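Written out below as C-alpha cells is the structure these notes cover.
The values are calculated or read from the model by the stated rules, or taken from the named source; none is laboratory data. Keep in mind it's a predicted model, so treat the numbers as computed, not measured. For neighbour counting, all protein chains shown are included, and Cβ atoms are generated from backbone atoms with ideal geometry for every residue, glycine included. SASA here: full protein model, heavy atoms, side chains in, ligands and nucleic acids out. Shrake-Rupley method; radii C 1.70, N 1.55, O 1.52, S 1.80 Å.
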Amino acid sequence: MNRIQQLFSKKQKQILSVYFTAGFPQLHDTVSIIELLEKHGVDMIEIGIPFSDPLADGNVIQHSSTVALANGMSLSVLFSQLEHIRKTVSIPLILMGYINPVLQFGVEKFCETCQSIGIDGVILPDLPLHEYTKEYKHIFEQYGIQNILLISPQTEESRIRMIDQQTQAFIYMVSSSSTTGTKSKFNDEQIHYFKRISSMNLQNPLLVGFGISNTETFAQVCEYTHGAIVGSACIKALEQPGTLEQNISTFVSSIKG
Amino acid sequence: MSHNYFKTYPNKDGFFNEYGGAFIPPVLESEMKKITDAYFTISKSHDFINELRSIRKHYQGRPTPVYYCNRLSQKYGGRIYLKREDLNHTGAHKLNHCMGEALLAKYLGKKKLIAETGAGQHGVALATAAAYFGLECEIHMGEVDIAKEHPNVVRMKILGATVVPVSHGLKTLKEAVDSAFEAYLKDPINSIYCIGSVVGPHPFPMMVRDFQRVVGIEAREQYMEMTGELPDSVVACVGGGSNAMGIFSAFLDDEEVAIYGVEPGGRSMNLGDHAATMSFGTPGIIHGFKCYTLQDENGEPSPVYSVASGLDYPGVGPEHSMLKDIKRVNYDVINDTECIDAFYELSRLEGIIPALESSHAVAYALKLAQKYPQSSILVNLSGRGDKDIDFIMDTFGLPK
C-alpha cells in the first residue's frame, strides 16, 4: 500500500488536502510550509510546480506562480529543496504542475527523483488520459508514482470508470466548469454532481477541488465525498501579514472549523 | 504528399505526426470534443457550406485577386505575384476562419465569441463576424499590443466588442491566450473560443486550416489561369501560421513548388529578441498542443519579440512543425530592418501598404528574386498595413 492508500484506509471522512505553489511567497518557504501544514492537521499536501502558462488556474494561483518563478523556482530547485523532506514529514506528498516542465526535465528522471525523495503522486491536469496510458504509464508504474487524474461534471461515466482503473490513490473531482478559485457556496447542480459520482461506488476515494474556501463549502463536499482539496484560499492566507505559522494555523481552522 | 493528405493530417486525436493533440484539463477536453464532433457533422452539411460560400462571395468580397508586381519585379528581378488577402473584408485573411468559426457557433446555439488577439487583426475579424451573426464578442489583448495597435482597438469597440486588457507577464499575445481561455472556461456552455490561428488544442489547428484553405485554392487556380503554370516558390509569413497554412495547403502536393515560411527574426538571434519558433525552438507543449516552442531549460515559454505583433508568439502551428520535420516547407527568418525596408518598397513601388506581418513575406520574396532572377514567386499578402502606420512613423519614420 502506498502512502495515499494508507491515509484513506485510516481515515475515510473529512480529508483535507492542501495545495500551495512552491517558491511562494518566498523561494525558501517550501519546506517550512509543508512542515507547518502537517503540524496543523492537514492530511495531504499538493506542492505546485509554478508555470507561466497555466490553463486550469484562476488569478490567485496564477499570481503565486508568477511570483514563484520570479523568485527563481523551477523543478530542479524544488527537487533540491525537497531532498530531505521525508526526515520530517510523513503525510502523503503530491506534485502538481503542467506537463511541459516535466517533459523538458525528462519524464523518467522526474519519476525517479520523485521516488527517491518520497513523493507519492503527481497531478498533471493537461496530460490527457490516453496520452498518459500510451506514453508514460509504464514509467510512472516502474517508479511507483501514482498519477492522479481529474474529472469534471462533463466527464462521461465510461471515462470515469476508466480513470478509476488507472490509479491507486484518489480521483480529483473538479467541482465546476471553471478555473481554480474561491466560491462562497456550492449550488444544487454541483451537489447533484457530488452525489452522482459518489453513488458510482468507485474503487478510488473522491476528493473535490476548485471552489472550497471555508467551513461551509468544506462541510458540503465532505457530506458526499471523502474530502476536499483547497488551493487558492491557502495561497491568499500565505500572503497575509504575520508569520507563516500564524497564517497556516488561521487558514486550517478557517476550513476545518 | 498524397491526395489523402487532408484525411491523414491530423489523425483522429489531432496529431500531425508527433505535433498537435489536445493537452488540456478535463473541463476543456469535453468542450473540445463537443466542438470537434459538431465541426465534423455541421461543416460537411450543405446548408453550412452554402451559407459560408455565400458569405465569402457577397460579404467578404472573395475571391481576392492575385496581382503581378510589375515595378517590384523590375527592380528586384524574378516575377513577384501577390495573393491579395489585404483586400479581404477587414483587411486581412483572418476573416476567412472567423466567419467559419462564428457560423459554427451559430449552428451550436452559442451566444458569445471569445478570443485573443495580437495585432488586433483577428480581434477585428471576430468582432466583425460577431456583428454579422448578432453574437456577443469578447477580445483579450495584451496591454502592450493595445498601445501599439490603437486603430484596431477602436475598430473592435466600434463593432460592439468588449476589449479586455491583459496586464500580466509580457502583456502580449501569449498572455492574451491564457486570459481568453480562462474567460472561456467560466462559461463553456454559452460561449465558444475562437482561436486566432492554426494553434491551440485539437480541433482548432485543423478547423482554422480548413477555413483558410480557400486562400490556397483560389490562389493556385488564379495563378494557373494567369500564367499557365505553377509558381516556382510560394512564400508566407508564419507567426501561429494561419495565412501560411491557407496558401501552402494548395501546393503541398506540387513537389516542384518550393514553399517558404518566413519567421520574425526581430532584433537579433538572441533568445528574447525574436519569435522565430521553428528556426530556434525545440518541441514543447504550450497552450494545449505540442509544437516547436521557444522555451528555457525549465520548459517555461520564453519572452518573444517581433516588430509585428501578429507574429509575436512562442509557439507555432503543429502542422508547420510537422512540415518542417518532413522538409516539405523551408522555414527561414527576416529581421525587423529587412521587414521595414520591404514595407516601404511595396508601398512606394506598387502603392500597396502591407501589414508588418506580411512585410516579412515580401522581404523574403525580394531576397529570393535577387537570388533566382528567372523564377516566379507567389507571396501571400496576408494583410494591409493601415493599422501599423502610426507605430512605424513613431518608431522608424520615413525612409531617408
request  = Springs between alpha-carbon atoms under 10 Å, Gaussian network over chain B: tell me which of B:Leu173, B:Leu349, B:Leu378 tops the mean-square fluctuations.
outcome  = B:Leu349
Mean-position separation - Cα centroids, segment B:1-52 and segment B:122-177, in angstrom = 26
message = Quick check on chain A: helices-only [θ] at 222 nm, where DSSP H runs of length 4 and up contribute -39,500 (n - 2.57) each and the sum goes over total residues. Nearest 500, please.
response = -12500 deg cm²/dmol
ask   = Percent of accessible area on chain B owned by carbon and sulfur, 1.4 Å probe?
value = 52
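In the P(r) worked out for segment B:117-232, what percent of Cα pairs fall beyond 26 Å?
For segment B:117-232, the share of Cα pairs beyond 26 Å comes to 29 percent.
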note = Pseudo-spin-label distance B:Val154 to B:Glu136, built 7 Å along Cα→Cβ, given in nm, is 2.7
task = Please report, in debye to the nearest 20, how large the charge dipole of chain B is about its Cα centre when each Lys and Arg carries +1 at its beta carbon and each Asp and Glu carries -1 there.
result = 940
task = Specify which residue in the list A:Ser198, B:Phe48, B:Tyr68 is farthest towards the positive end of the charge dipole of the protein assembly as shown, using unit charges on the beta carbon of Lys, Arg (+1) and Asp, Glu (-1), about the Cα centre.
result = B:Phe48
note = Long-range amide H partners of A:Ile171, meaning residues 5 or more apart or on another chain whose placed amide H is closer than 5 Å, are A:Leu206, A:Leu207
ask   = Which parts of segment A:94-118, residue by residue, lose 10 Å² or more of accessible area when the rest of the protein chains are there, as against the chain isolated (1.4 Å probe)?
value = A:Ile99, A:Asn100, A:Pro101, A:Leu103, A:Gln104
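Assign one of three labels to segment A:3-256, namely rounded, prolate or oblate, based on the Cα gyration tensor with a ≥ b ≥ c the square roots of its eigenvalues; rounded applies when a/c is under 1.5, prolate when it is not and a/b is larger than b/c, and oblate otherwise.
It is rounded, given that a/c, with a ≥ b ≥ c, falls under 1.5.
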request  = Please find, in a Gaussian network model of chain B (springs between Cα atoms separated by less than 10 Å), the residue of B:His287, B:His122, B:His202 whose mean-square fluctuation is greatest.
outcome  = B:His287
key: Under 16 Å from B:Lys324, Cα to Cα: aspartates and glutamates that are on another chain or at least 8 residues apart   = B:Glu18, B:Asp253, B:Glu255, B:Glu263, B:Asp332
key: Cα-based Kirkwood hydrodynamic radius, segment A:1-71, one decimal, Å   = 13.4
query = For chain B, list the DSSP H helices whose alpha carbon atoms reach 27 Å or more along the long axis and whose average Kyte-Doolittle value is -0.5 or above?
reply = B:204-227
Sparse-neighbourhood loop sites, trypsin sites (Lys or Arg not before Pro) in segment B:12-98 - DSSP loop, at most 14 other Cβ within 10 angstrom = B:Lys12, B:Lys44
task = Run the accessible area of segment A:3-256 with a 1.4 Å probe and give the carbon-and-sulfur part as a rounded percent.
result = 47
request  = Describe numerically, in nm with one decimal, the distance between label points set 7 Å from Cα along Cα→Cβ at B:Tyr344 and at A:Arg86.
outcome  = 6.7
query = aspartates and glutamates near B:Lys75 by alpha-carbon distance under 20 Å, same-chain residues fewer than 8 away left out - which ones?
reply = B:Asp232, B:Glu338, B:Asp341, B:Glu345, B:Glu350
note = GNM of chain B, Cα pairs under 10 angstrom: of B:Phe204, B:Phe248, B:Phe40, the biggest fluctuation goes to B:Phe40
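Is the shape of chain B best called rounded, prolate or oblate, per the rule: a/c under 1.5 gives rounded, else a/b larger than b/c gives prolate, else oblate, with a ≥ b ≥ c the square roots of the Cα gyration tensor eigenvalues?
Details: a/c = 1.35, a/b = 1.24, b/c = 1.09.
In terms of gyration-tensor shape, rounded.
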key: Neighbour cut-off at most 12 other Cβ (10 Å), DSSP loop, chymotrypsin sites (Phe, Trp or Tyr not before Pro), segment B:277-312   = none
task = Report the residues of segment A:229-248 in range of a label on A:Glu216: point 7 Å along Cα→C-beta, backbone N strictly under 17 Å from it.
result = A:233
remark   = Here, GluC sites (Glu not before Pro) of segment B:194-301 satisfying both criteria (DSSP loop; at most 14 other Cβ within 10 Å) are B:Glu229, B:Glu255, B:Glu256, B:Glu297
key: Distance in nm between pseudo-label sites at A:Gln168 and A:Glu245 (7 Å out along the Cβ direction from Cα)   = 3.8
inquiry  = From Cα pairs below 8 angstrom and at least 6 apart in sequence, can you work out the relative contact order of segment A:3-256, rounded to a whole percent?
reply    = 22
inquiry  = Which entries of B:Lys57/B:Lys387; A:Lys195/B:Lys110; A:Lys137/B:Lys34; A:Lys13/B:Lys112; B:Lys106/B:Lys387 have Cα-Cα distances beyond 31 Å here?
reply    = A:Lys13/B:Lys112
task = Kindly report the accessible area of the protein assembly as shown per residue (heavy atoms of protein chains, probe 1.4 Å, no ligands, DNA or RNA), in Å².
result = 36
request  = Would you mind giving the three semi-axes, in whole Å and largest first, of the ellipsoid equivalent to the protein assembly as shown according to its Cα gyration tensor?
outcome  = 47, 25, 22
task = Specify whether the C-alpha gyration tensor of segment A:105-257 places it in the rounded, prolate or oblate class, a ≥ b ≥ c being the square roots of the eigenvalues: rounded for a/c under 1.5, otherwise prolate if a/b is larger than b/c and oblate if not.
result = oblate
remark   = With a 1.4 Å probe and ligands and nucleic acids left out, the total accessible area lost when A pairs with B, in Å² to the nearest 100, equals 2700
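So what is the calculated 222 nm ellipticity per residue for chain B, using -39500 (n - 2.57) for each DSSP H run with n of 4 or more, over all residues, to the nearest 500 deg cm²/dmol? Don't jump to the answer; show the numbers that get you there.
Numbers: 16 runs with 175 residues, N = 400.
Taking each H run of at least 4 residues, the total per residue is -13000 deg cm²/dmol.
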